[in-house]
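Asker: Got a structure for you, written out below as structure tokens; questions coming shortly.
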Amino acid sequence: MAQRVFITGASSGIGAALALFYARLGAQVGLVGRREDALRAVLRSLPAQGGGGTADGRAPGGHRLYVADVRDRPALHRAAADFLAEGPVDIVIASAGISVGTLTEEPDDFDVLSAVLATNVNGTVATFEPFIASMKQRRRGTLVGIASVAGVRGLPGAGAYSASKAAVRCYCESLRVELRGTGVRVVTLAPGFIQTPMTARNPYRMPFLMPVDRFAEAAGRAIARASSYTVIPWQMGIVAKLLRLVPDALYDRIAAGRQRKPRRPGGVDR
């Protein structure tokens, strides 16, 4: 039986690449995103589930499209209920995320920081909630959270993003332990620098920059083996381990001079 995969943040970047990866494997994919035009473009790029029918969002046996913001918990739960109504879900990927530079000293950035945390952290929780009961009943299923190497140490000018991704990692770890023995697996992926619209705006050098399709392939392998925590690409995994070992005083001196992600007063990147 073909897998069924529910993905938020599917209108671009990592979410869109994962949707294409699983659709090519024959999975039926539920796509969630805020921008309907971008979401429909992704939908048109997917091979029809099972090799038949049309991928128009409502075709029998085809993929499904849901226009929703993960900060709108009721709308997200309605999308999840609709997808679950057609059959059990094997994989849920909470890929929706935003990144933008923030400064605590700037009063206008508080709302931006709140939006980052609400999307990256609360949105992950709201994505997983509707699927856990049915997965536990089947004793089968995988929940996938997207953390980041940026969550390993706090980055200057990126307090909101670093904090949110550190929170995602800890939340997924807690959830993994809570669900131990139930048959439900929790996988945390920590991307390094991946070629997406989000990283295209970064004004600094990005070591080990990885094409998003290659990331999706590596992510698919990590999800299949139910890896608890995987940094992609692997080179950034070494960097992440080293960062944890650097004494605070030394890290502070090095990081203070790092070029920062630009602020976007009044708005955020999606």
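Asker: Among the residues of segment 136-150, count how many are more than 18 Å from Ser227 (Cα to Cα) and surrounded by 17 or more Cβ atoms within 10 Å (Cβ to Cβ).
Answerer: Of the residues in that region, 1 qualify.
Asker: Mind telling me which of the residues Leu113, Leu103 ends up being under 21 Å from Met198 (Cβ atoms), surrounded by fewer than 20 Cβ atoms within 10 Å (Cβ to Cβ) and among the aliphatic types (A, V, I, L, M)?
Answerer: Exactly one residue qualifies, and that residue is Leu103.
Asker: Next question, about the same structure. I'm trying to understand the selection: among the residues of segment 210-235, which are buried (at least 19 other Cβ atoms within 10 Å of the Cβ), assigned to a strand (DSSP E or B) and not polar (S, T, N, Q)?
Answerer: If the condition is that a residue be buried (at least 19 other Cβ atoms within 10 Å of the Cβ), assigned to a strand (DSSP E or B) and not polar (S, T, N, Q), then Met210, Val231, Ile232 are the ones that fit.
Asker: In segment 236-251, which residue that is exposed (fewer than 13 other Cβ atoms within 10 Å of the Cβ) and of a type outside the set (A, V, I, L, M) is nearest to Phe208 (Cα to Cα)?
Answerer: Here the residue is Lys241.
Asker: What are the residues in segment 170-188 that are crowded, with 18+ Cβ neighbours inside 10 Å, under 17 Å from the mean Cα position of the chain (by Cα) and either part of a helix (DSSP H, G or I) or of a type outside the set (S, T, N, Q) (or both), if any?
Answerer: Listed by number, the residues that qualify are Tyr171, Cys172, Leu175, Arg176, Arg185, Val186, Val187.
Asker: Just give me the residues in segment 189-201 being crowded, with 23+ Cβ neighbours inside 10 Å and either assigned to a loop (DSSP other than H, G, I, E, B) or charged (D, E, K, R) (or both), in sequence order.
Answerer: Result: Gly192, single match.
Asker: Next question. Taking interchain pairs and intrachain pairs at least six residues apart, which have beta carbon atoms under 8 angstrom, with the first residue in segment 8-22 and within 10 Å of Val212 (Cα to Cα) and without any contact (Cβ under 8 Å) to a residue 24 or more places away in the chain and the second part of a helix (DSSP H, G or I) and not aliphatic (A, V, I, L, M)?
Answerer: none
Asker: Can I ask one more? Can you name the residue in segment 149-163 that is in a helix (DSSP H, G or I) and touching a residue at least 60 places away in the same chain (Cβ under 8 Å) and is also farthest from Met206 (Cα to Cα) among such residues?
Answerer: If we take residues in segment 149-163 being in a helix (DSSP H, G or I) and touching a residue at least 60 places away in the same chain (Cβ under 8 Å), then Ala160 is farthest from Met206 (Cα to Cα).
Asker: Ok, one more. Just one of the numbered conditions (1) within 19 Å of Ala17 (Cα to Cα); (2) touching a strand residue (DSSP E or B) at 6+ places or on another chain (Cβ under 6 Å); (3) among the basic types (Lys, Arg) is not true of Arg185; which one?
Answerer: All conditions are met except number (1).
Asker: Tell me which of these Ala2 doesn't satisfy, since it passes every other one: (1) over 30 Å from Ala115 (Cα atoms); (2) at pLDDT below 95; (3) buried (at least 22 other Cβ atoms within 10 Å of the Cβ).
Answerer: (3)
Asker: Still on this model: Look at segment 15-48 and say how many of its residues are small (Gly, Ala, Ser) and assigned to a helix (DSSP H, G or I).
Answerer: 8
Asker: Write out, first by first residue and then by second, each pair whose Cβ atoms fall under 7 Å of each other, whose residues are 6+ apart or on separate chains, and whose first residue, in segment 75-95, is under 23 Å from Ala216 (Cα atoms) while the second is aromatic (Phe, Trp, Tyr) and outside any helix (DSSP H, G or I).
Answerer: Ala80/Phe6; Phe83/Phe6; Val89/Phe6; Val92/Phe6
The values are calculated or read from the model by the stated rules, or taken from the named source; none is laboratory data. Just so you know, these numbers come straight off a predicted model, no measurement behind them. For neighbour counting, all protein chains shown are included, and Cβ atoms are generated from backbone atoms with ideal geometry for every residue, glycine included.
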